[in-house]
Amino acid sequence: MTTIYLHVSAGIGPEECAYAAARTVQKIIHDAATVKATVIKTMPSPVAGNIRSALLEIEGDDPDPFVLSWVGTVQWIFKSPYRPHHKRKNWFIAVTRYEVPESVPLFSPDAVRFETARSGGPGGQNVNKTESAVRAVHIPTGKSVISRDERSQYMNKKISISRLAALFEEEMLVSQGKAHEKLRHTHYELERGNPIRIFKGDT
């Protein structure tokens, strides 16, 4: 089973584009005969039923042909349901393949190896003779931190575990932030013209 993600965006277009984006998602789901299409996230528009964007999960043994058949610009041709006298009838939606960022390994204290060493710095002879400094090494990734803050080896172990956990949490937030930024940029990359699909009517 393979999973691919599709991102549907109304770009920075007017409310008619948000209307068309919602109908594009419906078309994708209806067209998914050989794959499973699931909406996992939407950015709603102020008008009920409309969306600025949506992220769809496409699952199947070979979802690539289905995904490729949708990637590109989708053109909708209909009169504006919000501005009856508006002359424009062509509205464009972007459908892009979304690459999920590399996942950050889950942090588990059980996967940590501790190494001890003599603590340096102030503290007198006792500090230099006792192996109180602790390096915590996350075995799967090799990431490590060291704590020599306390004279107690036990306390330094606790501190090093906390620092490792914070390191992994920071990486996760950075990864999520990059994903969000990538989705945001797709709103400004909508290409008008050369549509891969054209739909007429507002349904």
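Only one entry in 12, 93, 4, 40 is touching a Cys at 6+ places or on another chain (Cβ under 9 Å), modelled with pLDDT under 95 and β-branched (Val, Ile, Thr), namely 93. You will find that of 92, 78, 66, the residue that is among the aromatic types (Phe, Trp, Tyr) and more than 14 Å from residue 24 (Cα to Cα) is 66 and no other.
Considering only segment 14-26, I want to know if a residue exists there that is in contact (Cβ under 8 Å) with a residue 60 or more places away in the chain, polar (S, T, N, Q) and surrounded by fewer than 16 Cβ atoms within 10 Å (Cβ to Cβ). Scanning segment 14-26 turns up no residue that is in contact (Cβ under 8 Å) with a residue 60 or more places away in the chain, polar (S, T, N, Q) and surrounded by fewer than 16 Cβ atoms within 10 Å (Cβ to Cβ). Kindly establish whether residue 129 is closer than 15 Å to residue 28 by Cβ, modelled with pLDDT under 90 and loosely packed, with under 13 Cβ neighbours inside 10 Å. For residue 129, the condition - closer than 15 Å to residue 28 by Cβ, modelled with pLDDT under 90 and loosely packed, with under 13 Cβ neighbours inside 10 Å - is not met. Yes or no: segment 30-38 includes at least one residue that is under 23 Å from residue 79 (Cα atoms) and surrounded by 18 or more Cβ atoms within 10 Å (Cβ to Cβ). No.
Among 139, 196, 146, 159, which is the only one that is at pLDDT 70 or above, in the same structural domain as residue 51 (by TED's automatic domain parsing) and of a type in the set (A, V, I, L, M, F, W, C)?
Details: 139 fails: in the same structural domain as residue 51 (by TED's automatic domain parsing); 146 fails: in the same structural domain as residue 51 (by TED's automatic domain parsing); 159 fails: in the same structural domain as residue 51 (by TED's automatic domain parsing).
Only one candidate passes the filter, namely 196.
Where in segment 1-96 are there strands (runs of 3 or more DSSP E), lying wholly inside it, with at least 3 residues that are under 19 Å from residue 201 (Cα atoms), assigned by TED's automatic domain parsing to the domain that holds residue 195 and not aliphatic (A, V, I, L, M)? Quick ask: steps written out before the conclusion?
Working: elements: 2-9, 36-44, 51-60, 72-77.
It comes to 72-77.
The values are calculated or read from the model by the stated rules, or taken from the named source; none is laboratory data. On a predicted model such as this, the values are computed, not experimentally measured, just so you know. Counting neighbours? That spans all protein chains shown, and the Cβs are built from the backbone with ideal geometry, glycine included.
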